[in-house]
Every structure is written in C-alpha cells, then in structure tokens.
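Trainee: Could you have a look at this structure, given as structure tokens, before my questions?
Just so it is clear, none of the values below were taken in a lab; they were calculated from the coordinates. Treat the numbers as computed from the prediction; the structure is a model and nothing was measured. Every residue, glycine as well, gets a Cβ built from its backbone with ideal geometry; the counts of neighbours run over all protein chains shown.
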Amino acid sequence: MEKLKNFYNGLPKKKRIIFWVSIAFIVLSFVEIGIWKKTRSKIPTKKLYLKKLKSPNLQEKKSAIYGVGVKNMKEAIPALKEIIEKDPDPTLKRIAAYSLGRIDRDKLLGYLSSQNKEIRDIVIETLVKLDKKNIDYLIENFDDFDIDMKFKILFYVEKYSKPYYQDKLMNIAENKDENSGIRKKAITLIGKIGNREVENRLWGLYYSEKDEKIKKIVKDVIEKIEGE
C-alpha cells in the first residue's frame, strides 16, 4: 500500500487524472458485468416457459402460452393441446390455439374434426387470424365439414369477400346434395362478390333448379350482376 501511495504521489498532475479515469473505467466495467449477469438470469428458459404453462397465476400462464408460440417451442405442443382440450377458460384456449398454429399448423387443422363445437369454432377463428389464406384451405375442403362448420366458413368468406371465391361458391350452389340453407347462402354471397364470369353458370342453375325459393334467389343475383 505504501509503495502504491508513493507511486501515486510521484505522478505528475496530468497522469494522476489518467490514473483515476482508468480506475473509474475498471469499476464501471465490473458493475456492467454484474448487471448483465443479473438481467441474463431473468430471461425465461424453455424449461421455465413449460413450467409456467401450468401456473395457477392467470397472467403468467397467458404470457407463457403466447411465449412458446413466439419461440416456436415444439416441446410445448402437448401442453398446448391439453389447454385447448381441457382448460375451461375460452381465452386461454384461443391463445393456445394461436400458439399451436404458429408452431405446427397441421396439428391445429386436426381439431377441425373435433366433436367439440367450441373447439372447432376457436380453430376456424384462429386459422383466419393466423393467415387469411387459410380461408382458401377451408373452402377447398368444404365438403368435409358439417353444416354448422360450413356456415362458419361462409361467414368468413363473406367477411373477407374476394371475387376469386365465386367459382367455389358456384360449386356449392350447384351441388343439389348440399343443404338448401348452405346453397342459398352461397348464392347470396355470389350476388355480393360475383361478376359476369359466372353468369352462364347461374342461368344453367336457374333452369335446372327445382327448388322455387332457390330459383328466385338465383334470378335476383343474375339481375344484380347484369345491372352492374
């Protein structure tokens, strides 16, 4: 210590300033390292995320459910499926469905055949939120769904009306084995988004249709298209 004191006293004034600046720099460096280590230790690990998926704290659980989707954690898939299937909270089910869809879309699509109407509705809603193009998938596979699901799909077709849906809607309208309510809804939607490209098909449907109520809707749609 005496040697250090003598060394310091022997320094010119300018070098004493440099000496203290160097000391301050070293001290600050150690402080920053300490802060960095402390902050780093608070960053959630995968193991912690998985643990929080079962947390009794609602906000903590919500954050974990969303977080595993953002981080694309495939390890969380079983836990997410359990939340979708068994958790009584619809909000948690929706967040879990969203995260599952981000991690593995096919796993989410698998729930479209669920016997649980609430789950099916959440899945369709989530698919559309994830990507509006998923409506294309739903309408392409229209025949695979029950009546309730078909109305739900047509709801989103109407909500995000695109002219290129008119051909798919015509296929539904021309299917005489389809539920009449579904066919009527499809024809009505053609009246909203259709154009003269489907006019000939509409006339063909009009002349071949036996259901007078459907014929009237078709005629109204034809007149609307011709008047535009």
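Trainee: What's the total number of residues in region 192-221 that are surrounded by fewer than 19 Cβ atoms within 10 Å (Cβ to Cβ) and assigned to a helix (DSSP H, G or I)?
Mentor: Initially, region 192-221 is screened for residues surrounded by fewer than 19 Cβ atoms within 10 Å (Cβ to Cβ), giving 192-193, 195-197, 199-201, 203-204, 206-208, 210-216, 219-220.
So of that shortlist, the ones also assigned to a helix (DSSP H, G or I) come out as 192-193, 196-197, 199-201, 203-204, 206-208, 212-216, 219-220.
Residues that pass the stated criteria total 19.
Trainee: It is to be established whether one or more residues within region 82-99 are surrounded by 15 or more Cβ atoms within 10 Å (Cβ to Cβ) and out of contact with any helix residue (DSSP H, G or I) (no Cβ under 7 Å at 6 or more places or on another chain).
Mentor: Within region 82-99, none of the residues are surrounded by 15 or more Cβ atoms within 10 Å (Cβ to Cβ) and out of contact with any helix residue (DSSP H, G or I) (no Cβ under 7 Å at 6 or more places or on another chain).
Trainee: Any idea which residue in region 155-181 is surrounded by the most Cβ atoms within 10 Å (Cβ to Cβ), counting only those that are in contact with a helix residue (DSSP H, G or I) (Cβ under 9 Å, 6 or more places away or on another chain) and assigned to a loop (DSSP other than H, G, I, E, B)?
Mentor: Among those that are in contact with a helix residue (DSSP H, G or I) (Cβ under 9 Å, 6 or more places away or on another chain) and assigned to a loop (DSSP other than H, G, I, E, B), it is Glu178.
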